[in-house]
Amino acid sequence: MNIDQLKTQWQRFDQKLQITQQLNEQLITSMLKERSRSRIALINRSNMTYLVLMTITMAFLGGILAGNPFDFRYTWQYIPYGILLAGVILAIISLIKSLLHFNVDLNAVNLQSFLQKTIAECEKSKRMQRWFGIMIFSAGLLTAFSFLPKKLENKEPWQAFAETGLMLFITLTIYFAAFRLGAFKDRRQAAFRDDWQELQQLRSLSADLRNE
Amino acid sequence: MEKAFMDMVNSNRALIFKVCSLYCDDQEDRKDLFQEIVLQLWRSFPHFRGQSSAGTWIYKVALNTAISNFRKETRKPGSKPLTTAELEIPDITSTRGDQENNDVLKQAIGRLNNIEKAIILLYLDEKSYEEMSEIIGISISNVGVKINRIKNKLSNLIKTY
């Protein structure tokens, strides 16, 4: 078999496809009702979920900073919540920007620019998730220290430090247990690995086009 | 708009079938990809103003979807889409003619990477270099270079069967 024979074989396949039964309206309509499982749709859905969560978190943190429900006396006690709020605001801005700008018109983009855009968005989305995870972790740890002044006022110093240490230990244990029990692993790790592999494939395809 | 869209999809269904056959081995995957392509076409349909031919537009959307925009998710039990029962996308190996040639064609194309598949699809469908350049996003001269390389690769692959 040579290239010409291959072409002839392809044309036979094409002829077979041309005479396939027409798709009925009901079938096409049912397809349009399905939720998209495309890469972009998934990123946008994930961004939308994060946006809702961030907005709720922002309202909650705003309430803590404005209402002082823990009777904080010193400004530094607010630092963990302040850091978290600043991070949440930045995340909201970034998510809104992503939702507004990642509206790719498939009609207007060729394969190369589409690959580049998708890669950029995948990376941005992953960076955001990683960054927010680190932020939650650090804020969780720092929060234990916010309650230290009140403890020092009411208890012996050793007791106050011991309780703070215990709080830190409990926080770390919860994070560790959650990690070990697969709270992150089962649901996300396989997905992260797939994402990473997919991203590598996209990168090599994009490089393949760019290098010519 | 719906009627015009359905007519357009129907008259170009063979083109979408070819993309699905090229990128998916499994019948269920082909159906899923077909559905995703139709969905993406519908979403970009309002922006299609006929600057390029309907074929070029469909190729763009279908290849973008097949290569970088399609991610297989495990479907929950009971959420089987309606399309699976009613849609049948022929496989290359079921084509009339020499079965051995069908197998060679399928296996040889299967050994190409996703970009090479896209280019060879356009070449086999006798698209002009200009159209290929517009769909893929590389220069016309690079289209020629790419096609020659893929043809050589295919020739070598065919020889091994």
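The values are calculated or read from the model by the stated rules, or taken from the named source; none is laboratory data. Bear in mind that the values here come from a model prediction, so they are computed numbers and not experimental data. Methodologically, a virtual Cβ is constructed for each residue, glycine included, from the backbone with ideal geometry; neighbour enumeration extends over all protein chains shown.
Kindly indicate which of A:Leu95, A:Leu99, A:Leu111, A:Leu141 is closer than 30 Å to A:Asp71 by Cα and either at pLDDT 70 or above or surrounded by fewer than 15 Cβ atoms within 10 Å (Cβ to Cβ) (or both). It would help to see each step written out before you state the result.
Details: A:Leu95 fails: closer than 30 Å to A:Asp71 by Cα; A:Leu99 fails: closer than 30 Å to A:Asp71 by Cα; A:Leu111 fails: closer than 30 Å to A:Asp71 by Cα.
Of A:Leu95, A:Leu99, A:Leu111, A:Leu141, the one residue that is closer than 30 Å to A:Asp71 by Cα and either at pLDDT 70 or above or surrounded by fewer than 15 Cβ atoms within 10 Å (Cβ to Cβ) (or both) is A:Leu141.
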> Which condition number does A:Thr75 fail, the rest of (1) surrounded by 14 or more Cβ atoms within 10 Å (Cβ to Cβ); (2) over 22 Å from A:Gly133 (Cβ atoms) being met?
Replying inline: (1)
> In the range A:19-62, which residue that is hydroxyl-bearing (Ser, Thr, Tyr), in a helix (DSSP H, G or I) and within 14 Å of another protein chain (Cβ to nearest Cβ) is surrounded by the most Cβ atoms within 10 Å (Cβ to Cβ)?
Replying inline: A:Ser30
